[in-house]
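Have a look at the structure below, then the notes.
Nothing in this text is a laboratory measurement; each read-out follows from the coordinates by a stated rule. For clarity, every value in this text was computed on a predicted model and none was experimentally measured. Here the Cβ is made from the backbone with ideal geometry for all residues, glycine too, and neighbour counts use every protein chain on show.
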Amino acid sequence: MAGVKLRQVGSVSSVVPGTFFVDEAGRRLYVGSDPSGKQVEASTLQQGLVIQGAGTIVRGIGVRRYGNTFWMGGAISAQVNDIVLENVVSSQNATIGINGWGKKMRFHRITITESGGLGLALNKANDFVLSESVIRGNNSESFKQAPVSGGVKITTSQNVLISANVFE
């Protein structure tokens, strides 16, 4: 609200200034601070791009401020083999910036910043390459270490090449 992040709470009775609660069943958003005369931004969009076609190449797009949950995966989700992401930006998404699984994925010059929980999450990503990319300021919502949080988590993968990247 007015450029200031609010913290989500688990019940309407817990709403105080600086917090909000989403009543999904009632389709209502409760805000603890007075929104009068202020810009309020909220998102119900979970994913901006889901890639399910082997051999897909995605260049030069950005996905920003999606309200994804950990269980939905990344705001960008790469779900098949032989995917190329190049000059792609994922920024200020609620939990995971980009997630994926599949062989021979190539991520070149991507930028993942200010994901609420985890910047990049990959599993079974054999022969994966991450090059000349910037992974910065992720876990901006200070999630606990388990099950995931931080910059990059790659699991159950072989022949992974991480080259000439910036991690901050």
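Here are some notes:
- Rg/Rh for region 54-168, where both radii come from Cα atoms and Rh is the Kirkwood radius: 0.93
- Pairs from the list LYS5/LYS124; LYS104/LYS144; LYS124/LYS144; LYS5/LYS104 with a Cα-Cα gap above 32 Å: LYS5/LYS124; LYS5/LYS104.
- DSSP beta bridges fully contained in the chain are about 10 percent antiparallel.
- Peptide packing for 111-120, 2-11 was compared via the average number of neighbouring C-beta atoms within 10 Å per residue; ordered from the highest value, the list is 111-120, 2-11.
- Cross-link reach is defined here as a Cα-Cα straight distance under 16 Å, omitting same-chain residues fewer than 8 places apart; for LYS153 the aspartates and glutamates meeting it are GLU114, ASP127, GLU168.
- For ILE51, the residues whose amide H sits under 5 Å from its own are SER77, ALA78, GLN79, ignoring neighbours fewer than 5 places away on the same chain, with H placed 1.01 Å from N.
- Rounded to the nearest 20 debye, dipole of the chain from Cβ charges on Lys, Arg, Asp, Glu: 100 debye
- Coil-residue GluC sites (Glu not before Pro) of region 1-89, DSSP, other Cβ within 10 Å capped at 14: GLU24, GLU41
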